[in-house]
Amino acid sequence: MSIEGGLRQSHYGLCLMPSWGLWRNGCEIEVSLRQQRLLAVLAVQGCCRRELVAGMLWPESPESSALDNLRVSIHRVTSGLPDLIRADRHALELSEWVRVDLHREWEKLEGSAVAGERKHPGTTPLLLGWYEDWVLNEQVRLLQARTAYWRRTAAQCLARHDYAGTVESAAQGLFLDVLDEAALEIMVVAQLALGQCVSALQAIIGFRSRARKELGIAGSPTLDRLETQVRRVANASYAGFSVGGPDRWSI
């Protein structure tokens, strides 16, 4: 079952990826934009002091006005959606009855997912179309964690000589962060082990092109070393008439 499908069957299911959605016992609930922001902050931040939540949601308002707005939002949520949040005079948090897709994603990233759930994290973006600072910060944090996960997975595959798994995992990381040089290096090593010299060279050339476009630089000593290694291996294989895969010839 997908994360979203599982959420819809729980008492409350809160989706933040790719967009906001709330379900109760399988039925979608419409909530005003102000209340959406409140619930999303609590899902992202966890238990928070009222002053922090008010400052995040109304950063340009005086603290007294922001706290007044927060009190109104809390009242509307608690009166219409019982057991959704827990609030006291000082702090707020989502109740234990709420299942959040972002929390499940972090469990996968941190290796604490419940047995039987999908093993690997996804690539679905967080809260598309939301541009508040706290959302952008969480988007960056999630992206960094996902790329680190796939880089780590690729390195683990390489260590046990699972070269196909290495290439697949590194490619996932590069899909998320096209300028992850460490993931590229891991992938190229595995491609060389598989005899895929042309694919390795194409990956390096593509990376150089992206680096030039995004950063204004064509590469680094690591890229130079990788390209030299790829060309040396390919030319040596050709000279020795090595019988490799169809990808293995002089370049």
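Some points to look at:
- LEU223 vs. criteria surrounded by 15 or more Cβ atoms within 10 Å (Cβ to Cβ), in contact with a helix residue (DSSP H, G or I) (Cβ under 8 Å, 6 or more places away or on another chain) and farther than 16 Å from ALA171 by Cα: yes
- Qualifying residue in region 163-181 (condition: more than 22 Å from the chain's Cα centre (by Cα), under 16 Å from LEU223 (Cβ atoms) and free of Cβ contacts under 8 Å to residues at least 40 places away in the same chain): no
- Reported count of residues in region 59-88, each being part of a loop (DSSP other than H, G, I, E, B) and in contact (Cβ under 8 Å) with a residue 12 or more places away in the chain, is 4.
- Selected residue (only one of VAL230, VAL178 is at pLDDT below 95, within 30 Å of GLN45 (Cα to Cα) and of a type in the set (Val, Ile, Thr)): VAL178
- Take the conditions (1) over 29 Å from the mean Cα position of the chain (by Cα); (2) hydrophobic (A, V, I, L, M, F, W, C); (3) modelled with pLDDT of 95 or more; VAL243 misses just one of them, which is (3).
- Selection status of LEU136, aliphatic (A, V, I, L, M), crowded, with 16+ Cβ neighbours inside 10 Å and not assigned by TED's automatic domain parsing to the domain that holds LEU184: no
For every residue, the table says whether it meets (1) within 30 Å of ARG104 (Cα to Cα); (2) surrounded by fewer than 22 Cβ atoms within 10 Å (Cβ to Cβ); (3) not assigned by TED's automatic domain parsing to the domain that holds HIS103.
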residue: THR147; (1), (2), (3): yes, yes, yes
residue: LEU174; (1), (2), (3): yes, no, yes
residue: VAL178; (1), (2), (3): yes, yes, yes
residue: VAL189; (1), (2), (3): no, yes, yes
residue: CYS197; (1), (2), (3): no, no, yes
residue: ILE205; (1), (2), (3): no, yes, yes
residue: ARG210; (1), (2), (3): no, yes, yes
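- Residues located in region 156-181, provided they are closer than 26 Å to LEU102 by Cβ and part of a helix (DSSP H, G or I): GLN156, GLU168, SER169, ALA170, ALA171, GLN172, GLY173, LEU174, PHE175, LEU176
- Of the candidates LYS119, LYS108, the single residue that is assigned to a loop (DSSP other than H, G, I, E, B), charged (D, E, K, R) and under 30 Å from VAL189 (Cα atoms) is LYS119.
The values are calculated or read from the model by the stated rules, or taken from the named source; none is laboratory data. Here the structure is a predicted model, which is why all the values come from computation and not from measurement. Note: ideal-geometry Cβ built from the backbone for every residue, glycine included; neighbour counts use all protein chains shown.
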